[in-house]
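Just below is one structure, and these are the notes that go with it.
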Amino acid sequence: MSVRIELDNRGSLLTCLDYVTGRVVMNIANDETISAITVKMEGISRTRLTPPRIHDHESRDSKRAEVEIHRVLYLVETVFPSPEIRENTSTTNSGYTLKPGQYEYPFNIRIPINSQCMEGQGGGNLLQRLSFDKGTVDYVKDARRHFPGTLPPSLSGIPNDEAWVRYFLKVTVIRPKFYKINLRAFDPFVFLPIEPPRPPPTTNETYARRQHQFIYNAPPIVKKRGILGAFRQQEPVIYPSPRTVHFSIEARLPSPPIIVPNLQLPLRVILVKIEPYTTPVFIRSLQIHLFAFTEITAHDIRKTDKRIITCLSQTGLQSPIGYDSQPIGVEVEADKALWVNAALPDSVPPSFRTCNIWRTYHLEIMLGLSHGYVGPIELVPLTLPIQVYSVPPLPTKEHVPPLPPRTPTVQSLKVPPAPFGSSNSTKNSPVSSPISPSSPARPHSSSGGGGGWGGGDGGGGAWPGPRPSSVISVSPEDDIPPPTYEDTIAEDIGPVDGPRRRYEQEGAYYGALPDDVHS
């Protein structure tokens, strides 16, 4: 006896509001008694962290790792028996006997918009369960912290599997006889959430700015001695004032700074002369790095995973910014052709926040500058927080029906947890940046730092209307949490018809699930 899942849209990237259709194919060699066949669509957000060692003599295995599991998506469809069979059958305790052959049962499950993780749905139950992950025994506790918002994207690649988000379909063939185990089939899929609504386009910009100086110390002036110089008093050595090239350099992005992978970065580099000089400043090298920060929590343990993704690296450049007679205080833009091929790779997930994982990004533009095209090169970094979005976007307003008003609920409300950290929000005006005074970086140069950052909230907002800052409390005995307001309204909206980008996951994403997440 065997069972498998055949998807109609296998291999395609899935997003919110998509219909996942397919068939459960079961082959039976002998008569089999079956109670039911169910198809589950699940999304799991799992973290596993080991407490830090307090004393040096403690071994790494002296403390048990903490495992926190959140079931952000849980949908069930019973494909056998059909409603007609259940209505016409008086008793089903003994199951249904099927003859040998091949059987196919279609299913159709729609992916919602918002996370369904609530109290009692954390995957841990009220009793502690054991996890035998990586050869060690850990306790899986019930998760009590839940964050409302859009479903998180698939996530893999964090070292040691300390955090991941996986989506999959699972079919279960339930056999009532106690000496026969239930038959299961597992089929993972990759998910990217739908984009939240973007603000109206404006001409506002977010920027990071630095002042920089090239300092040239002229050699001391010493008068030559004449014939009688040996008999005269030594004349003082004259040290002329150092010559400086003083300017400000800044990187600008649209406000809010929303970046989509595989699309050219909407970057501008601006230089403003602060003191007079003639020979222009040249860009000699350019690197663009994406800093990805993953805040991971496993109950009372927290950790930040940091990684750097190189988007562009160029050396040997000789691109001037400005011209010889450039006036003071006038903005001059660098040549955009230098970063025409710069884009975030398609492996970057969008910014998101869920119950135990929070992903945010910073973009660093590292400029190698020189005064003239042959002068010494000095590095100037400019860093801005950004929001990474996925595609496709939400349906346009013409296709979205108006939202009816919310009705009061009699269910108890719980205040959501405080965020892992703080962030800045860019309003409808450019974010100003205080310019820090320059400080020496080495004997013949000085650079100052001051960043004007217009950051985001890390994504993860509900769609399409405002969501209350609360979580509806659900009793642990409820199998499936009730649909959210937005998901109920979305039943009248068709699937998103838009471009789908590549978003591959590492090999472990498609492997077997740990024992502690099985339901």
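The table for this structure:
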read-out: Of LYS99/LYS180; LYS40/LYS303; LYS141/LYS306; LYS99/LYS177, pairs whose Cα-Cα distance is over 23 Å; value: LYS40/LYS303; LYS141/LYS306
read-out: Segment 3-55 versus segment 184-215: alpha-carbon centroid distance in Å; value: 30
read-out: Peptide ranges 257-269, 327-339, 370-382 listed from the most packed, as the mean C-beta count within 10 angstrom indicates; value: 257-269, 370-382, 327-339
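Read-outs throughout are calculated quantities, based only on the coordinates presented, and are distinct from any laboratory measurement. Remember, predicted model here, so these are calculated numbers, not experimental data. Glycine gets a Cβ as well: all are built from the backbone with ideal geometry, and neighbour counts include every protein chain shown.
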